[in-house]
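Novice: Questions regarding the structure given below will be posed in turn.
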Amino acid sequence: MKIRIAFALSLAIVFAGSAFAQPEEKFDFYTRGTYRENVPRPQSILRFDVGDFHTTYAQMEKVIESIAAASPDRVKMYDIGQTHEHRMQHIVAISAPENIARIDEIRTAVARLTDPRRASASDADGIARNTPAIAWMAYTIHGNESASFEAMMQVVYQLAASNEPATLDILKNTVVLIVTGENPDGHERFATWYNSVATGNADRNAIEHREPWSIYGRLNHYRFDLNRDALAITQKETQNMHKAFMEWNPQVAVDHHGQPSQYFFPPAALPINPNFPQPVTNKWLEIYGRANARAFDSNRWDYYVRDVFDLFYPGYWDTFPTLNGAIGMTYETDGGGFKGLRWTREDGSIVTLRSAIAKHFVASMTTLEQTAKNKTERLKDFYEFRAQSMRDHAGARIKRIVINPAADRVKTAELIETLRRSKIEIKVAGSPFTSSTAHGYMEKNAPAATRTFPAGSYVIDLNQPQRLLIKSILEQDTAQDKAFVEDNMRRFNRNQMRGKGQSKEDYGFYDITAWSLPLAFGIEAFWTEDTGNFTGTDVTDEYLANAKRGSVNGRAQIAYVIPYETDAAAAMAVRLAQQGVRVAVATRPLNAAGRNWVPGTFVIRVTRNNETVHDAVAKLATEMGVDVYAANTSFAEEGDTGIGGTAVVSLRAAKVAMVGDEAVDQSSYGSIWFMLDKYGVTFTPMTINSIRSGGLEQYNVLIIPDGAAGRYFSAFGSSGISTLKEWVSRGGTLITARGGSVFAALKDVALTSSKLVGSEDDEEKAKTAETPEPDKRKEAEAAPSPTPKPTPRRNAEAEPSPTPEPRSDKGEPAPGLPPIASPSANANKVPEALPGSIMRARVDRTTPLTYGLSQDEVPVLLASGYFFRYSKEGSNALIFDAESRKPLTISGFVWEGNTEKLLRGTAYILDESSGSGHVVLFAEEPFFRGIFRSTARPFFNAIAFNGIL
Ligand SMILES: [Zn+2]
C-alpha cells in the first residue's frame, strides 16, 4: 500500500514538474525588419525551422552562398583555406553597399592603425573618423557547441536582408566579418551523428546526449582544442583564421561557444592577463557587458559575468585578439551541443537548442550595435593599444629576447615562423654580440649576467608594435593577479585541513599557467635589459626556408652518418627503418667521415642495404631538414668505434600501435597522432578490445596516451593486463603518458616498480611521514591517493556534461585506485595537482632515451599531481633532482610547501625492462597540445630504440 502511495506521489510530482516547467517562449528571429524579399531565409533552403534539427556544413554553405548571391551589394565571401578534411573555411564580410564597394581601401586604412611608426596620432584620428570598425564574429570553434553554428546563419541573414534602422546603422559603421565555421570537421562529426540518433529527448540519459569517443566534435580532426591553439598556431584551421585575422585587424572579436548551464558574457573572471592595457580593456568589457545585460534583461533571460571564464592564457580566441588590440570576448550559450535539441536542467526546466540560438543571436547583434555606436572611439583605442605600448617600452625591463637555435635549428625556425605569422619583427645576428644584462630562461628570476650570443641568434627587440603580444607569448613567466593567487592558496590550505571523506574545494584555474614558447619548445633563450652592440638583418621567408633545409654531403661508399642535431633525426631513423632500410646507432663515441660524433649518432651502412638506400636517405634528409654526412671508410682515426664498430647497434623497425578508445584522453591521443604524422612515422590506432584479443601480435611498440587510469584498468581487465605483460616480456616496448603511466603504476597492474608519490604503496612516503597523533592514526593508515590532474574549469560547469569527458577522472574508481581525498594528517604528503607549470628536469646520460639531448637540463610541463618515484630497477632519463638546491620551478604557479618538496626525488621519464621488453613512462604528455616539444627526443628514442634500450 505504502508503495502504491509513494508511486502515485512521485507520479504527481513528475506531472507537477512538467506542468509548472514553463516551455521557453519560441523566439521569433524575424521581428527586426523590414526585410529584402529577394534574400532567402535559411529555413527556406534548410527545409526545417530554427533549432528543430542540426545543419551540416555543406547545407550551411548553401545557405550562406544563397544569401550572398541575393545581396551582392552588402555581402562579400572569402575562402580562407581548407581544413584537414578538405572543407573550405569562409569569412563573410557584410557591410553597407558604400563600404563593400571600397572594402580593400577600408582594410588598408585600418591596417595603418597597427603601426604607430608610420601613422601619427592625427593620421589615426582621421582614419578613425572616416572608416568603419571591423568586427570579427566567429562561430563554433568547438564543433559540438552547435547553437553557435545555427545562430551564425540567422546573424548573416539579419545583416544581409534587414532594413531595420539599427541594422542599417551597424552596416554603415562596421564591416562585420562572420567566420562561418571555425571547426568544420568537428561540427560535421557531431551534427551527422546527432541527427542520426536524436529523438529530441530531454532526458539526460538519452543516447543523443552522449557523444561516442570517435565523434567528440568539440575538437578538430587531430583532436586539438582550437580554442587553445592561437598560441602556437599548429592546426590548419587556426592558420587559416589567424592569417585572415592579421589581414583584417579587427577592433572587436567575439568567439561564440555553448557549454555552461547559463549564458556567459564578459566582464571576465580573474585572472586577467597582466599584459592587457588597463583601464582601457576593462572599460570596453564593461561597455559590451552592460549592453548585453540590458538586452538579456529585457528578454528576461538570466546569465552570469565575472565567473569561470578568465582572460589569462594567450592561446584562446578572446585573449589572442585582445593581445592584438581588439576587444576579445567569449560568449557561452546554454543549450545545444551535448544538450541537443532539448535538455532537462537541474531544476526540471527544459533548455532548447532554439532558445540557445536566440541568445547568441541577440548577443551578436547587441555587440555589433555597440561597435557601430562607438566605432570612432574603438578605432582610436585600437591605435593607442600599440602606440601606448611602444611609449611604455622605454620604462620596461624586457627590452630584447634572444633565441639561440643551436639546440635544434629546424624547430627554432618553426618557432620563428610562428612568431612572424603575427607580424613580429625578428632579426638574425650577423656576428657575435654581448649583453651585460642577460637573463636565462631556465631559472625563475635569474639575475642579470654578461653573456655573448653567437652569430645566427634570433633577436626580437620589443620596441615594435607587437610588443604586448611578444611579451605575452615569449616572456619567461606571466604573473597572476595577486588576489587570485592568495584566494587559491587559501582554498588549498582549507583543503589540506579537510578529512578524507570531505569533498574538496575547486580551484580557480581555468587553464595552464605557463606556456612561454622557447621553454615549451625546449630552445635556449634569454631576455636582456639592453639593446646595444648588435648588428643583424631581418629574418625573411628565404632565410627560414634555408635554416630548415637538410642536406647530404655526397654519395656514400661505406655509410651515411646522421648526427642527432634536430628532433627529426630520430624520426628519420624510425621512418627509414619502417621503410625497410637497415639503420644502426652508435652507443659509444663514434669516429667517421673525418669527425667525432657523440653516442646517439645514427649510421646507415651502404653495404647492409640495397641500392635504393641513397635515394631514400636523400629524400628524407631534404624533406625533414636533416643534415647527413657520407663516410667513405670504416677506419676510425681515433677511438675504438668506427662505422663497423661493435658499439654500432642495429635498430629494429618500429611497428607502432596506439590505443584509441573510450578511456583515452582525446587531446593527448591527438597531439601524439599529429606529431607522428608531422614526422611521417606510421602507426595503427587500436581499441583495447583488439589488444585484449591478440591485436598486438604484429607490433613491437604500443603507446598508451593520457587517460583515466581507472577506466584503463576496467577496460583492459585482468586478462588484458596479462596480455600486455606477456607482450612486453616477449620484447614489446610499452610507452605510457600521464594517466597511462598512472595505470601502469597501479598496484594491481604493476607494469613498473615506480610508485606514485603519496599513494598507498609509496614506501618513501611512509618512511618520511611523521608519526601521526593517536586519534589520527586510523585516518593516516587509510589509503591516500595521488591527486588527480585538475579538471579544467571549462568542464566544471554547474550541470556537468554527460559526454564521456576524457580530461576528468570521474569514472568509477578501479580496485587498487585509491580514493581521491586525502586525510588532513597527510597534509603536504600528497602532491596537489598543478594547473600547468614549467619545471627544470635534469638529463641522465646512462640511457639511450636521452640520446640527442645536448643540454643538462630540460624544461618540462607539469599539469597534474602525478609524481613518480625514481625507478630503482631501471633508468631515470629525466629527473627532478633531490640534491639540487636551485628551485625546480621555472614558470607558472606552484603550491607553496607542497609541489617542490614532493617533486624532488621523482622522475619525469623512466624506463624499466621486463623480460626482453621495456616499459617507458612519461609523467606527462610528450606533446601537450602540440605546443610542448621539449621531450620530443626521448619520445622518438623510445620508439627508435625499441628492443635495444
Ligand atoms: Zn566552447
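The values are calculated or read from the model by the stated rules, or taken from the named source; none is laboratory data. Here the structure is a predicted model, which means the values were calculated and not measured. Every residue, glycine among them, receives a Cβ derived from its backbone with ideal geometry; neighbour counts consider all protein chains shown. Side chains are part of the model used for accessible areas, which takes the heavy atoms of the whole protein and leaves out ligands, DNA and RNA. Shrake-Rupley method; radii C 1.70, N 1.55, O 1.52, S 1.80 Å.
Novice: Quick one: Arg189 ticks every box in (1) more than 16 Å from the ligand (Cβ to nearest atom); (2) free of Cβ contacts under 8 Å to residues at least 60 places away in the same chain; (3) of a type in the set (Lys, Arg) except a single one, so which number is it?
Specialist: Result: Arg189 passes all but (1).
Novice: Quick check on Pro835: is it crowded, with 17+ Cβ neighbours inside 10 Å and out of contact with any strand residue (DSSP E or B) (no Cβ under 9 Å at 6 or more places or on another chain)?
Specialist: Against the criterion (crowded, with 17+ Cβ neighbours inside 10 Å and out of contact with any strand residue (DSSP E or B) (no Cβ under 9 Å at 6 or more places or on another chain)), Pro835 qualifies.
Novice: (1) at pLDDT 95 or above; (2) under 24 Å from the mean Cα position of the chain (by Cα): which one isn't true of Ser875, the others all being true?
Specialist: Failed condition: (2).
Novice: Give me the residue from region 254-281 that is part of a strand (DSSP E or B) and farther than 26 Å from Arg386 by Cα and, out of that set, farthest from the ligand (Cβ to nearest atom).
Specialist: Checking each candidate, the answer is Tyr263.
Novice: So in region 349-372, with the set limited to residues that are among the charged types (D, E, K, R) and more than 18 Å from Asp203 (Cα to Cα), which one is farthest from the chain's Cα centre (by Cα)?
Specialist: Residue satisfying both the conditions and the ranking: Glu369.
Novice: Just give me the residues in region 50-66 being surrounded by fewer than 16 Cβ atoms within 10 Å (Cβ to Cβ) and assigned to a loop (DSSP other than H, G, I, E, B), in sequence order.
Specialist: Passing the criteria: only Asp52.
Novice: Considering region 447-460 alone, what residues qualify as being assigned to a strand (DSSP E or B) and open to solvent by less than 20 Å² (accessible area, probe 1.4 Å)?
Specialist: Phe453, Tyr458, Val459, Ile460 - these are the residues of region 447-460 that are assigned to a strand (DSSP E or B) and open to solvent by less than 20 Å² (accessible area, probe 1.4 Å).
Novice: For region 67-113, give me each residue that is hydroxyl-bearing (Ser, Thr, Tyr) and open to solvent by 40 Å² or more (accessible area, probe 1.4 Å).
Specialist: Selection gives Tyr78, Thr108.
Novice: Being of a type outside the set (Gly, Ala, Ser), in contact with a helix residue (DSSP H, G or I) (Cβ under 8 Å, 6 or more places away or on another chain) and not in a helix (DSSP H, G or I) is the filter; apply it to region 666-686 and report the residue that is most open to solvent (accessible area, probe 1.4 Å).
Specialist: Thr682
Novice: Condition test on Leu177, is it under 29 Å from Ser422 (Cβ atoms) and of a type outside the set (Asp, Glu)?
Specialist: Answer is yes for this residue.
Novice: May I ask you to verify whether Pro250 is surrounded by fewer than 20 Cβ atoms within 10 Å (Cβ to Cβ) and farther than 23 Å from Ser146 by Cα?
Specialist: On the way: surrounded by fewer than 20 Cβ atoms within 10 Å (Cβ to Cβ): no; farther than 23 Å from Ser146 by Cα: yes.
Answer is no for this residue.
Novice: Go through region 373-446 and tell me which strands (runs of 3 or more DSSP E), entirely inside it, have 1 or more residues that are in contact with a helix residue (DSSP H, G or I) (Cβ under 9 Å, 6 or more places away or on another chain) and open to solvent by less than 20 Å² (accessible area, probe 1.4 Å).
Specialist: 400-404, 427-429
Novice: Okay, next question. Working only within region 215-261, note down all residues that are of a type in the set (Gly, Ala, Ser), in contact with a helix residue (DSSP H, G or I) (Cβ under 8 Å, 6 or more places away or on another chain) and farther than 29 Å from Lys380 by Cβ.
Specialist: Listed by number, the residues that qualify are Gly217, Ala232, Gly258.
Novice: If you take the residues of region 287-322 that are more than 16 Å from the ligand (Cβ to nearest atom) and touching a Pro at 6+ places or on another chain (Cβ under 6 Å), which of them is modelled with the lowest pLDDT?
Specialist: Restricting to residues being more than 16 Å from the ligand (Cβ to nearest atom) and touching a Pro at 6+ places or on another chain (Cβ under 6 Å), the top hit is Arg306.
Novice: While we're on this one: Test Asn546 against the criterion of being open to solvent by 10 Å² or more (accessible area, probe 1.4 Å) and without any contact (Cβ under 8 Å) to a residue 12 or more places away in the chain, and give yes or no.
Specialist: Values: open to solvent by 10 Å² or more (accessible area, probe 1.4 Å): yes; without any contact (Cβ under 8 Å) to a residue 12 or more places away in the chain: yes.
In short, yes.
Novice: I'm trying to understand the selection: among the residues of region 192-205, which are in contact (Cβ under 8 Å) with a residue 60 or more places away in the chain and either on the phi < 0 side of the Ramachandran plot or crowded, with 17+ Cβ neighbours inside 10 Å (or both)?
Specialist: Those that are in contact (Cβ under 8 Å) with a residue 60 or more places away in the chain and either on the phi < 0 side of the Ramachandran plot or crowded, with 17+ Cβ neighbours inside 10 Å (or both): Thr192, Tyr194, Asn195, Ala198, Asn201, Ala202, Asp203, Arg204, Asn205.
Novice: Another question, then. Which numbered condition trips up Arg47, out of (1) charged (D, E, K, R); (2) at negative phi; (3) surrounded by fewer than 19 Cβ atoms within 10 Å (Cβ to Cβ)?
Specialist: The one condition Arg47 does not meet is (2).
Novice: Check Gly289 against each of (1) over 22 Å from Leu341 (Cβ atoms); (2) touching a residue at least 40 places away in the same chain (Cβ under 8 Å) and name the one condition it does not meet.
Specialist: Unmet for Gly289, out of (1) over 22 Å from Leu341 (Cβ atoms); (2) touching a residue at least 40 places away in the same chain (Cβ under 8 Å): (2).
Novice: Please pick out the residue among Pro116, Pro132 that is over 29 Å from the mean Cα position of the chain (by Cα) and open to solvent by less than 10 Å² (accessible area, probe 1.4 Å).
Specialist: Details: Pro116 fails: open to solvent by less than 10 Å² (accessible area, probe 1.4 Å).
Every option except Pro132 fails the conditions.
Novice: Within the bounds of region 861-870, is there any residue that is basic (Lys, Arg) and over 18 Å from Arg738 (Cα atoms)?
Specialist: no
Novice: Among the listed residues Met137, Met152, which satisfies the condition of being in a helix (DSSP H, G or I) and within 16 Å of the ligand (Cβ to nearest atom)?
Specialist: Residue meeting the stated conditions: Met152.
Novice: May I ask you to say which residue of Ala715, Ala709, Ala663, Ala737 is under 28 Å from Leu756 (Cα atoms), open to solvent by 20 Å² or more (accessible area, probe 1.4 Å) and not aromatic (Phe, Trp, Tyr)?
Specialist: On the way: Ala709 fails: open to solvent by 20 Å² or more (accessible area, probe 1.4 Å); Ala663 fails: open to solvent by 20 Å² or more (accessible area, probe 1.4 Å); Ala737 fails: open to solvent by 20 Å² or more (accessible area, probe 1.4 Å).
Within the list Ala715, Ala709, Ala663, Ala737, the selection yields Ala715.
Novice: Pick from region 155-172 the residues that are open to solvent by 10 Å² or more (accessible area, probe 1.4 Å) and not in a loop (DSSP other than H, G, I, E, B): which of them is nearest to the ligand (Cβ to nearest atom)?
Specialist: Ala166
Novice: Out of region 216-246, which residues are under 17 Å from Pro685 (Cβ atoms) and more than 16 Å from the ligand (Cβ to nearest atom)?
Specialist: Correct list: His221, Tyr222.
Novice: Can we say Val749 is outside any helix (DSSP H, G or I), open to solvent by less than 40 Å² (accessible area, probe 1.4 Å) and touching a Phe, Trp or Tyr at 6+ places or on another chain (Cβ under 7 Å)?
Specialist: Taking the combined requirement at face value, the residue satisfies it.
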